[in-house]
Amino acid sequence: MQDKVDKTFWRRIGLTVFLLPVCFFFPLALIAVGILAWSIYEDLKPSKYPDLPPARTWRDAKPEDDDWLTLFCEGCESPAEEQFLRALVKEFVLKPDNGVLKSPKLTLAMQVKVANYRYDFLANGRQVIEVDGADYHSSPEQVERDRIRDEHSVHRGYKVLRIPAIVVFKTPD
């Protein structure tokens, strides 16, 4: 039997035991017993696939890892964000610390969810940094959504900095 036997497993066993005598009076209840028995069997059957550890991400990168910067770059959602991240890591000598990048002058969190929004970067807990690509952020509808989002963020006490992706590519410093 598996190590993880949950409450639903025992509930299905109890329901099967309860339904067996009912089958004498209502033969169609055998269908329910069969389904329950099959689900119990599937739970007890050993898995064909071994339990693999979850893939490493930037959230569990350590300073001693050789690939920590690569893991953080994989967490970026665009090449412009990655370029911006690399420039900040270089400029501030940032190192990973429990899913954020830290230096004496800067703490940088990535892909931070606040209310209904997700920010590209959050610096020192209050400075939202958005790296905007022209393809996605230039339509009138998206400009308006960004304006509403920025107002919401400022109202919550954040400062918002929007950097066009072209600036990141041409002058990352």
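In table form, for the structure just shown:
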read-out	value
Filter result for VAL93 (β-branched (Val, Ile, Thr), at negative phi and free of Cβ contacts under 8 Å to residues at least 40 places away in the same chain)	no
Of all residues making up the stretch 86-117, the number that are modelled with pLDDT of 95 or more, of a type in the set (Gly, Ala, Ser) and under 14 Å from the mean Cα position of the chain (by Cα)	1
In the stretch 79-101, the residues that are assigned to a strand (DSSP E or B) and surrounded by fewer than 17 Cβ atoms within 10 Å (Cβ to Cβ)	LYS95, ASP97
Subset of the stretch 150-173 [of a type outside the set (Val, Ile, Thr), part of a helix (DSSP H, G or I) and closer than 16 Å to GLN127 by Cα]	ASP150, GLU151, HIS152, SER153, HIS155
From ILE31, ILE40, ILE35, residue being assigned to a helix (DSSP H, G or I), among the β-branched types (Val, Ile, Thr), farther than 30 Å from PRO164 by Cα and in contact with a Phe, Trp or Tyr (Cβ under 9 Å, 6 or more places away or on another chain)	ILE40
Residue among PRO21, PRO54, PRO63 that is assigned to a loop (DSSP other than H, G, I, E, B) and more than 30 Å from ALA165 (Cα to Cα)	PRO54
Some residue of the stretch 164-173 being touching a Leu at 6+ places or on another chain (Cβ under 8 Å), under 21 Å from TRP68 (Cβ atoms) and either of a type in the set (A, V, I, L, M) or touching a residue at least 24 places away in the same chain (Cβ under 8 Å) (or both)	no
Filter pass, VAL128 being outside any helix (DSSP H, G or I), at pLDDT 95 or above, touching a helix residue (DSSP H, G or I) at 6+ places or on another chain (Cβ under 9 Å) and surrounded by fewer than 18 Cβ atoms within 10 Å (Cβ to Cβ)	no
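The values are calculated or read from the model by the stated rules, or taken from the named source; none is laboratory data. Only a predicted model underlies this, so the values are computations on that prediction, with no experimental measurement involved. With ideal geometry, Cβ positions are generated from the backbone for all residues, glycine too; neighbour counts draw on all protein chains shown.
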